[in-house]
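*Asks:* Have a look at this one before I ask anything.
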Amino acid sequence: MLSYKKRFLNQERWRGFFIVGALIFAISQSQASTNKAYEFYLSGDITKSADEYLFNARLNPQNIMPLLNAGIVYKQLGKYENSIKIFRQALDINPDDSDILCELGWLKFHLAEYQDAAELFEKAIKNRPNHTRSLLGLGSVYSHLNRKVDAINYLKKYKKLRPDFSGIDYIIAWDYVNFKMYEEAEQYLIEALRKDPSFIEARLPLAGIYARGHKFNEAWNQYYRVLDYAPKHPVASKMIKVLEGKLTKQPEEIRPPFKIKGPPKLAPIDALKELDESTKVRVGIGTNNTGAQGKNRILKFKSFEGFKVIGKRSGKLYASAKPDEIWTAIYENNRVVLKNPENKIYGKFTGPILVEPYNPKNGYIIFERIKNSDNTWFRNSDRAYRGIMELYPIKNRGIGIVNIIDMEIYLLGVVPSEVMSYWPYETLKTQAIIARTQVLIRKERGGKHRNQGYHLCDSQHCQVYKGVTAERNSTNNAVVDTQGQILTYRGRPAQTFYHSNCGGHIQASKDVPRWGHISYLKTHQDLPKEKQKPMDSPWEFHQWIMSNPPSNCNFPPATSSSHFRWIRIIKHKDLSYRINLKYKIGKLKEIFPLKRSSSGNVNALRIVGSKKTVTIDREHLIRNVLGFGSVKSTLFFMETNRFKDGKIRNYWIYGGGWGHGIGLCQSGAAGMAGKYGKTSGEILQFYFPGTKLSKIKYIRKNKKK
Ligand SMILES: [Zn+2]
Ligand SMILES: [Zn+2]
């Protein structure tokens, strides 16, 4: 008996070892398979990724994650039937999981199977009454089932849970438009635009509603604002012309232009004396979104102190203007023609001339707005700049404008153009340091504008610079306090790239085509180190981008959460038109993200047309193709919505962040200082780990003791 028991025990032990061993083997095999599947997902082998996740699901029949991942991978590919089959399997394991019910609901919704979708969302909400994405789904389904009151009720419940998300106002408005309830739609569109003025997809229907209701002045104003963000928008350009004859007010009354009436009211900067004689920088003024000079056929300018005009090469004094006199420069036969206020010609120049205020320390040149300028920069607003203005003819284009200015003085106009002057002071200092470093990088390497004759442009392409009118006391102090400070890596200025809002995950430069491998531009979550958790599956990414997760840059006191999370619904025919402007693909059949960075950013977009298939892999081209005035970022998930007959109705794009997501997140920097009291030094180390804060020694040529 004893020996039997002993033998039995031994057998049991061996069996135990075997089970544990097999388990370890299975786990490591399963882990390897998961890693492989995710690798396929990121690198563009999407079908292989789904296969691998399904293989993994068979290895672990009780583990739900491989199924969820496979389901999302098929969804990304647009294969909704496969996706539904897989999520049904997952639901067999966890029948009450609201996330799965909700996902199934959305797939059914996009396939126009509204009754099924409604049941799934209802069940998800029964289990979790505040399940936001199900509330959005149920509202959207009811709208298609023509249950108007219910639809709006559920969408409003969602709005209560995410009150500062402009996307929900937009969707509610979208439904009201479908119900032909235009007054209600108008209110919600106005609210969406209050939260996000750059939301042109909301501005267009608002303009349409105004035009419909014969509010022509308001409609005109909205179309005009669309053109601010998307200068060539076809509908807005056409409607502006149509409406012009119907206005009851002058355009200037509807949209009062910005006039500069006197010198800015700023506290004197004691250190301004010290600030000049830094390095000189050349800045292209009034440039477009690629940083090229605008078409300036005519410029009007003045100075409160008077100015002189000097030939750049000859050094000859051509003209002296009295205070407040408005002079004109006209582009004619590839020359700049200079005229005084009485229209007397003071010269026709084939080369550059310099316009210099009489009081170079505190004086500045003001460009008056030009009502019919081809350059939107000068159309609605006067612009004022410190330093010297260089004007020169650009063949067959117009007058080029370059601001020649001390670097530190230039930064006074950059910092408040790039961040809000009311943001935490440490963030303003951080911005001053990285903007200064950018100048040195571009000066040193010649930069992108070498052939255009300037170091930096004044648009988002390099860094935004709105001159002296943008200056505020807080940002001026931040520039003075950090005077000469830059970020270096191995003794050279560091590549301090920055963007408005990363959406919660910083992207590594090496993950983005043509950005290069820069060791301190790493990928990481925009969260304090101790709160970072790896996110390495399609399902997690999908849930994350559709929700409102914590992040340094999810910080409503400083920055609108409409930049952190956004949504766009684009009609099939609009997207098809938009793509065909540049890529002649014929009829749009499929569009889906092909490759992603580990941050989730799309770095290749596949577009299948009836004539050809294209893959777009450049960051700005991906953004440009998805919207007029481009979508905010490449961090997004797309859904395709169909009619009952299978034809595509529209695309839903759920996005996060604004900008390229590399380097420093400006909203995140505001959050780090505002939420956690971090200093500029700590913020810089977080976004550019391994770099060093250094100080430039300016050469002072004429310094007297
Ligand atoms: Zn530029
Ligand atoms: Zn961020």
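*Asks:* Nearest 10 degrees, 0 to 90: what angle lies between the long axis of helix 666-676 and the longest principal axis of the chain (Cα atoms)?
*Replies:* Helix 666-676 sits at roughly 70 degrees to that axis.
*Asks:* Just to confirm a number: summing +1 for Lys and Arg and -1 for Asp and Glu over residues other than Leu68 whose beta-carbon lies under 11 angstrom from that of Leu68, what do you get?
*Replies:* -3
*Asks:* Would region 509-617 count as rounded, prolate or oblate if I go by the C-alpha gyration tensor, calling it rounded below 1.5 in a/c and otherwise prolate when a/b exceeds b/c, oblate otherwise?
*Replies:* Taking the square roots of the gyration eigenvalues as a ≥ b ≥ c, region 509-617 is prolate.
*Asks:* In percent, how large is the relative contact order of the chain, given Cα pairs closer than 8 Å and 6 or more residues apart?
*Replies:* 12 percent
*Asks:* So if we plug the beta-carbon distance of Tyr425 and Glu184 into 1/(1 + (r/R0)^6) with R0 = 60 Å, what FRET efficiency do we get, rounded to 0.05?
*Replies:* On the way: r = 42 Å, r/R0 = 0.71.
After rounding, the FRET efficiency stands at 0.90.
*Asks:* Starting from the 7 Å offset along Cα-to-Cβ, what nm value, one decimal, do you get for the label separation of Glu119 and Asn372?
*Replies:* Label at Glu119, label at Asn372, 6.6 nm between them.
*Asks:* With both bridge residues required to lie in region 272-493, what share of the DSSP beta bridges run antiparallel, to the nearest 5%?
*Replies:* 95 percent
*Asks:* Run the simple label-point estimate for Glu530 and Asp51 please: 7 Å along Cα→C-beta, distance reported in nm.
*Replies:* 4.6 nm
*Asks:* For the chain, go through all pairs of different Cα atoms, get the mean of 1/r, take its inverse, and jot down that Kirkwood value in Å.
*Replies:* Averaging 1/r across every pair of different Cα atoms and inverting gives 28.2 Å.
*Asks:* Please compute the length gained on full extension between Lys238 and Lys695, using 0.36 nm multiplied by the number of residues separating them and subtracting their Cα-Cα distance.
*Replies:* In short, 159.3 nm is gained.
*Asks:* For the cross-link pairs Lys249/Lys295; Lys312/Lys339; Lys126/Lys160; Lys429/Lys533, which exceed 23 Å when the distance is taken from alpha carbon to alpha carbon?
*Replies:* Lys249/Lys295; Lys429/Lys533
*Asks:* Hey, another quick one. Helix 407-418 versus the longest principal axis of the chain: what is the Cα-based angle in degrees, 0 to 90, to the nearest 10?
*Replies:* 50 degrees
*Asks:* By how many degrees, 0 to 90 and rounded to 10, does the Cα axis of helix 2-43 deviate from the longest principal axis of the chain?
*Replies:* Orientation of helix 2-43: about 30 degrees from the principal axis.
*Asks:* Separate question: Quick check on region 549-679: take the gyration tensor over C-alpha atoms, sort the square-rooted eigenvalues as a ≥ b ≥ c, and tell me if it's rounded (a/c under 1.5), prolate or oblate. Kindly include the intermediate steps, with their values, before the conclusion.
*Replies:* Details: a/c = 2.87, a/b = 2.13, b/c = 1.35.
It comes out prolate by the Cα gyration axes.
*Asks:* Rounded if a/c is under 1.5, else prolate if a/b is larger than b/c, else oblate: which is region 2-189, with a ≥ b ≥ c the root eigenvalues of its Cα gyration tensor?
*Replies:* Details: a/c = 3.47, a/b = 2.45, b/c = 1.41.
Prolate, since a/c reaches 1.5 and a/b exceeds b/c.
*Asks:* Please report the antiparallel percentage of the DSSP beta bridges confined to the chain, to the nearest 5.
*Replies:* Around 95 percent of the beta bridges assigned by DSSP in the chain are antiparallel ones.
*Asks:* If you count, for each residue, the other Cβ atoms within 10 Å and average over each peptide, how do 160-173, 137-150 line up from highest to lowest?
*Replies:* Ranking, from highest mean packing down: 160-173, 137-150.
*Asks:* By the scheme Lys and Arg +1, Asp and Glu -1, what is the net charge of all other residues having a beta-carbon under 11 Å from that of Met181?
*Replies:* Within the 11 Å Cβ shell, the charges total -2.
*Asks:* To make sure I understand the rule: partners must be lysines, Cα under 21 Å from the Cα of Lys611, and not fewer than 8 residues away in the same chain. Which ones qualify?
*Replies:* Lys571, Lys573, Lys582, Lys584, Lys587, Lys589, Lys647
*Asks:* Run through region 440-545 and list the trypsin sites (Lys or Arg not before Pro) located in a DSSP loop whose Cβ has at most 12 other Cβ atoms within 10 Å.
*Replies:* Sites meeting the loop and neighbour criteria: Arg445, Arg490, Arg514.
*Asks:* A follow-up question, please. Give the relative contact order (percent, whole number) for region 278-357; include only Cα pairs under 8 Å separated by 6+ residues. Could you put the intermediate results ahead of the total?
*Replies:* Numbers: 134 pairs, mean separation 20.9, N = 80.
Relative contact order of region 278-357: 26 percent.
*Asks:* Another question, then. Over region 2-189, calculate the relative contact order: mean separation of alpha carbon pairs under 8 Å at least 6 apart, over the residue count, as a percent. Please list the in-between numbers first.
*Replies:* Numbers: 206 pairs, mean separation 17.6, N = 188.
Rounded, it is 9 percent for region 2-189.
We did not get these values from a lab; they are worked out from the coordinates using the rules stated. Owing to the predicted nature of the structure, the values given are computational and were not obtained by experimental measurement. Note: ideal-geometry Cβ built from the backbone for every residue, glycine included; neighbour counts use all protein chains shown.
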